[in-house]
Every structure is written in C-alpha cells, then in structure tokens.
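Enquirer: Next up is a structure, given as structure tokens.
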Amino acid sequence: MMAENTIAAIATAPGEAGIGIVRLSGEKSIHILDKIFKPTKKNSIRDYEPRRITHGKIIDPDTQKIVDEVLVTYMKGPYTYTAEDVVEINCHGGMVPVKNILDLVLRQGAFMAERGEFTKRAFLNGRIDLSQAEAVMDIIKAKTSTGFDVALNQLEGSLSNEVKAIRHDLLEVLAHITVNIDFPDDDIEELTYDKLEQDSIKILEKIDKLLDTAHTGKILKEGLNTVIIGKPNVGKSSLMNALLKESRAIVTDVPGTTRDIIEEIISVKGIPLRITDTAGIRETEDVVEKIGVERSKESFNKADLVIFILNASETLSIEDKEIMDKLQHKETIVLMNKTDLPNVIDLDELKELLPGKSIIPISVKENKGLDLLEDKIVNMVYEGKVQRHEDSLVTNARHKRALEVGKTSMEEGIEAIRSGLALDFVEVDIKNCWESLGEITGDTTSEDMLDRIFSSFCIGK
Ligand SMILES: Nc1nc2c(c(=O)[nH]1)N(C=O)[C@@H](CNc1ccc(C(=O)N[C@@H](CCC(=O)O)C(=O)O)cc1)CN2
Ligand SMILES: Nc1nc2c(ncn2[C@@H]2O[C@H](COP(=O)(O)OP(=O)(O)OP(=O)(O)O)[C@@H](O)[C@H]2O)c(=O)[nH]1
Ligand SMILES: [Mg+2]
C-alpha cells in the first residue's frame, strides 16, 4: 500500500557534521531523484540497480546549478524502511547542503514529512507494529546503554510477541465461548466454565507478569529521579562529582557553596539516574542561598530516591534531624561520609532515628564505599530480582495503562465465570481485554492516539 504523498525530510542532526542525509518516501521518490541527480558514470539513476550507492551531483533543473556532490541510493518498496519506495541522498554535512537539497525536492513535488511520518508509514504499511514504532523513538532518546538495550529489544518485537501471544490465547477463549453460545449443551456446561476459568487465570497471570516489569522498565527508560540532600558541607557536591567522574559541581570547604540545584544524567551500572545536587539545607538570611534551599526542598519532594548525606566526623545536628523527620515516606539511602576522619556519629542512634533505611559508610575523599552505594541502587531498581536481558519489559506508560485496563476486564471476566453468569457476559469482558491489549500493538488504537504518539517523534524519523 502506498500513501498518496511523497514525503521528504532531513534525516541527520542539524549543524556541522561529516555527512547529511535527505530521505524521501513514496511513489514519486525515484521520479524526483531522477530529475535532480546526474550520476558520474552513466546518464540517469534509472541506469543503476536499486540499493546501489551511486556517486554524482545534485543539479537544480531550473538553473542547472550544482547543488552538491553526493552519494545516492534508491530502494524499491515494499522491502524498505517505510515499505514504500525510498530515496536517500547523502550530501555534505552542515546546514547549507541539506537544506538546499530539501528545498529542491520540495519544489519538485515532495511534501515536508511530519514528525515521525516515516516510522508511521512503516507501521501503517504493516512492517512493524505500534510498540516497535515507539521503540524507534526510545532508541533515539536513550540516555544509557541499558536504556538503549531495552528499546532495541522492544524494536526486535519482544513485547509485541508477548502481547500477541496473550491476544491469541484470548481469541481461543472467545472461540470456545462462541461455540458454547451457539451450541449450548447442558452436559458439558460445567466443563466449559471450569476450562474457561483455568484459561482465564493463565491469561491474567501473563498480564500480571508483564505489569510486574513496568516499575523497572520505566526507570531504565526515563531514569531514576534522584536527589542528593544534606546540610551544608557534608560532601553532596563531592559525591555528585564522584558519581559523574568529573568536576561538575563546585566543591569548597565553605558551607553554603552550592546555591542552585545542578541536574545531570549519570549511569550507575547501566541504570540512568537523573541526579540533582542541591544547596545544603539550613536556616539562612542570605537571599540567594534561601532560594537555593527552597529549590532543594522542591527537588526533594519530586524525587523517587533520596540520597541523604551525613558527616560522620560531626555529631548529629538539629539540621540533620530536621531532614531525617521528612525521610519517612521517601525511598532513601543514607550515606555517612568522611569516614576517613575520626568517627563521632553513633551508628546505633542513627539506626534508631532512621528505621528501615540502609546506612552506608563512605569516604568520597578516599573513594571508599561508592561501589556499595551503586550496588544498593541496582538492587532497588531491580527489586532484588535478577534482570535477564531477553525478558520483555514494559517501559511505556501507555502500554502499562492498556495492560491495567486489560487486567481489570480479565478479573471481571473471571468473576463472571465464577458467579456462573451467562456466557454472553463473560464474552464481553474477554473481548474488552483483547481490545485493550490491541492498543499496545496498534491493532485497536484510535486515529487520534496514533497522531499523538507520532507527533512526539523527531523530524526525519
Ligand atoms: N541510511 C540509513 N541508515 C539507517 C536507517 C535508514 O533508514 N537509512 N534506519 C532507519 O531508522 C536504521 C535502520 N533501520 C532499517 C530498518 C528496516 C529497513 C528495511 O529496508 N527493511 C526491509 C528489508 C530490508 C532488506 O531486505 O534488506 C523490510 O523489513 O522489509 C531499513 C532500515 C538505522 N540506519
Ligand atoms: N575528609 C573528607 N572531606 C570531604 C569528603 N567529602 C567531601 N569533603 C570535603 O568537604 C568539603 C565540602 O564538600 P562539598 O562537596 O562542597 O559539600 P556540600 O555538601 O556540597 O556543601 P554545600 O554545597 O555547601 O551544601 C570540601 O572541602 C570537600 O573536599 C570526605 O569523604 N572526607
Ligand atoms: Mg555543594
């Protein structure tokens, strides 16, 4: 199937670069290329086999002016990225050649591609399903190699296959119900309900298993919102720098050094942390520091994980205790820093003040204990479960919601079976579940939703 318009966009990042690519997709792609491309060795691009990269010049047919020296490829649908005819023009990098070539192909009848339109066509033409299309964007946006691995896995179809298998099971249950509605038989009725219940429970378990991965999946994709907090001068910025492995935040022995929050993305054994270094929390008359302290409190409220630092070489102060009071309902790791100095904090007292929190002694100065901190974070994210690479993960809030809605339908269906309700009622629930899961693969997704999903893509993808 070919969309009526031929689209074009710049596929590479803007700015100085070695090479830039302008990509076209649609039935006029090759025709447009033929009008503007003069190969070096032959007359026309049509004298070449598809998928061969060919050297030549882009020439404006109106002015005969050379636009750039290029390498081009044309590919015949349906075995292409979009499943339509595709042309790729590799020109010199930089803003001028790519922009001029894009302008030229638009003048020759191509339309500017919308965000995500190449991938949307790949989906609409059935080359990939919706969760695979979404994975393409996740790959581009991945901040760590683990985030990338998870997205690539999804592009390979791991989640799709899992969801497709469940939907297949649902169809079998539906078929079973239909047969029994059409040819009711009192003798086997009990058997029918029994089998329906067993099969439905199995499906519910599969949905639950997928939903169980959503917590870890979200963190691997979006990063764990982490804030480093503590009173002034305990070593928050030093820790930030140590985790970043560079001197990003200013460190001095003056309390109140950090005035504003600093945000960075770091990888802890492949887990992306969006980590925030904050201004030390204390009462202050300094106007700037005061704002900084307010911002620290805001970051604290938003955080998924709080790293609370104490100075082990000083007795606990009122400021420490005020922060501790707020930690109760927060996922927290407590660090006793500066253990290279004589220790004065009473660990037993600390444990009593912070029930249930892990307390790790460290010395940022001597680079001690940071590996324990990293291990602790890994453990928290994977919830103690070992993550197998080939497992499919739910990383997308939309997918999670679809699974939750499907789960509710399934539970209602099982409830209906157990109450011995008429099969028509059960059928509705099972059908609802099947439809909800279809939103993940894109089989039952509304036009509006598709537009919303693809408009969050970048231009040229
Ligand atoms: N130059 C270039 N590099 C690129 C892309 C691209 O579109 N162009 N990609 C864009 O993101 C990625 C590669 N993804 C692609 C996925 C599928 C097909 C494709 O043509 N698939 C056909 C079979 C191809 C064959 O048989 O050789 C198919 O699935 O039917 C192409 C690229 C990364 N690198
Ligand atoms: N002895 C020792 N000193 C440390 C350690 N970690 C940090 N320091 C020192 O403690 C001082 C304060 O460190 P910072 O990282 O600036 O502390 P902070 O918590 O960011 O301070 P504010 O930004 O003022 O809130 C600096 O002089 C650091 O070199 C440690 O493990 N041992
Ligand atoms: Mg600081």
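The values are calculated or read from the model by the stated rules, or taken from the named source; none is laboratory data. For clarity, every value in this text was computed on a predicted model and none was experimentally measured. Neighbour counts run over all protein chains shown; Cβ positions are idealised from the backbone, glycine included.
Enquirer: For the subset of region 137-165 comprising residues that are in contact with a Phe, Trp or Tyr (Cβ under 8 Å, 6 or more places away or on another chain) and either over 17 Å from ILE219 (Cβ atoms) or of a type in the set (D, E, K, R) (or both), which member is surrounded by the fewest Cβ atoms within 10 Å (Cβ to Cβ)?
Expert: Out of the qualifying residues, it is ILE139.
Enquirer: Return a yes/no flag: does region 273-292 have any residue that is surrounded by 17 or more Cβ atoms within 10 Å (Cβ to Cβ), more than 11 Å from ligand 3 (Cβ to nearest atom) and of a type in the set (Gly, Ala, Ser).
Expert: Scanning region 273-292, I find no residue that is surrounded by 17 or more Cβ atoms within 10 Å (Cβ to Cβ), more than 11 Å from ligand 3 (Cβ to nearest atom) and of a type in the set (Gly, Ala, Ser), so the answer is no.
Enquirer: Let me ask you something else. So is LEU273 of a type in the set (A, V, I, L, M), modelled with pLDDT under 90 and more than 7 Å from ligand 2 (Cβ to nearest atom) or not?
Expert: Taking the combined requirement at face value, the residue does not satisfy it.
Enquirer: Among the listed residues ILE262, ILE201, ILE207, identify the single one that is among the hydrophobic types (A, V, I, L, M, F, W, C) and closer than 30 Å to GLU366 by Cα.
Expert: Unique residue meeting the criteria: ILE262.
Enquirer: Run down SER200, SER247 and say which single residue is at pLDDT below 85 and not basic (Lys, Arg).
Expert: SER247
Enquirer: Out of curiosity, is PHE300 crowded, with 17+ Cβ neighbours inside 10 Å, away from ligand 2 (no atom under 13 Å from the Cβ) and under 26 Å from PRO355 (Cα atoms)?
Expert: It is true that PHE300 is crowded, with 17+ Cβ neighbours inside 10 Å, away from ligand 2 (no atom under 13 Å from the Cβ) and under 26 Å from PRO355 (Cα atoms).
Enquirer: A further question follows. I'm checking my understanding of the structure. Among residues of region 447-461 that are part of a loop (DSSP other than H, G, I, E, B) and among the small types (Gly, Ala, Ser), which one is farthest from GLU114 (Cα to Cα)?
Expert: Here the answer is SER456.
Enquirer: Give the residue that is farthest from GLY94 (Cα to Cα), with candidates limited to residues of region 54-74 that are part of a strand (DSSP E or B) and not β-branched (Val, Ile, Thr).
Expert: Ranking the candidates gives TYR74 first.
Enquirer: Further question on the same structure: Out of all the residues in region 87-112, which are modelled with pLDDT of 95 or more, of a type in the set (A, V, I, L, M) and over 17 Å from ILE30 (Cβ atoms)?
Expert: VAL96, VAL98, LEU102, MET112
Enquirer: For ASN379, only one of the following conditions fails: (1) in a strand (DSSP E or B); (2) within 25 Å of THR216 (Cβ to Cβ). What is its number?
Expert: (1)
Enquirer: Quick one: which residue in LEU159, LEU102, LEU106 is in the same structural domain as LYS400 (by TED's automatic domain parsing) and part of a helix (DSSP H, G or I)?
Expert: LEU159
Enquirer: Let me ask something additional. Determine which single condition GLU189 fails, assuming it passes every other condition in (1) modelled with pLDDT of 95 or more; (2) more than 34 Å from the chain's Cα centre (by Cα).
Expert: So the condition that GLU189 fails would be (1).
Enquirer: I would also like to ask the following. Which of the numbered conditions does ARG23 fail, given that it passes all the others? Conditions: (1) exposed (fewer than 14 other Cβ atoms within 10 Å of the Cβ); (2) charged (D, E, K, R); (3) within 13 Å of ligand 1 (Cβ to nearest atom).
Expert: (1)
Enquirer: Given the conditions (1) surrounded by fewer than 17 Cβ atoms within 10 Å (Cβ to Cβ); (2) over 13 Å from ILE207 (Cβ atoms); (3) touching a residue at least 40 places away in the same chain (Cβ under 8 Å), and given that GLU404 satisfies all but one, which numbered condition is not satisfied?
Expert: If we test GLU404 against (1) surrounded by fewer than 17 Cβ atoms within 10 Å (Cβ to Cβ); (2) over 13 Å from ILE207 (Cβ atoms); (3) touching a residue at least 40 places away in the same chain (Cβ under 8 Å), just (2) comes out false.
Enquirer: Further question on the same structure: Are any residues in region 210-257 among the charged types (D, E, K, R), surrounded by fewer than 20 Cβ atoms within 10 Å (Cβ to Cβ) and more than 13 Å from ligand 3 (Cβ to nearest atom), and if so, which ones?
Expert: Passing the criteria: ASP212, LYS218, GLU222, LYS245, GLU246.
Enquirer: From the list LYS231, LYS209, LYS202, pick out the single residue that is in contact (Cβ under 8 Å) with a residue 12 or more places away in the chain, within 30 Å of ASP375 (Cβ to Cβ) and not β-branched (Val, Ile, Thr).
Expert: The unique qualifying residue is LYS231.
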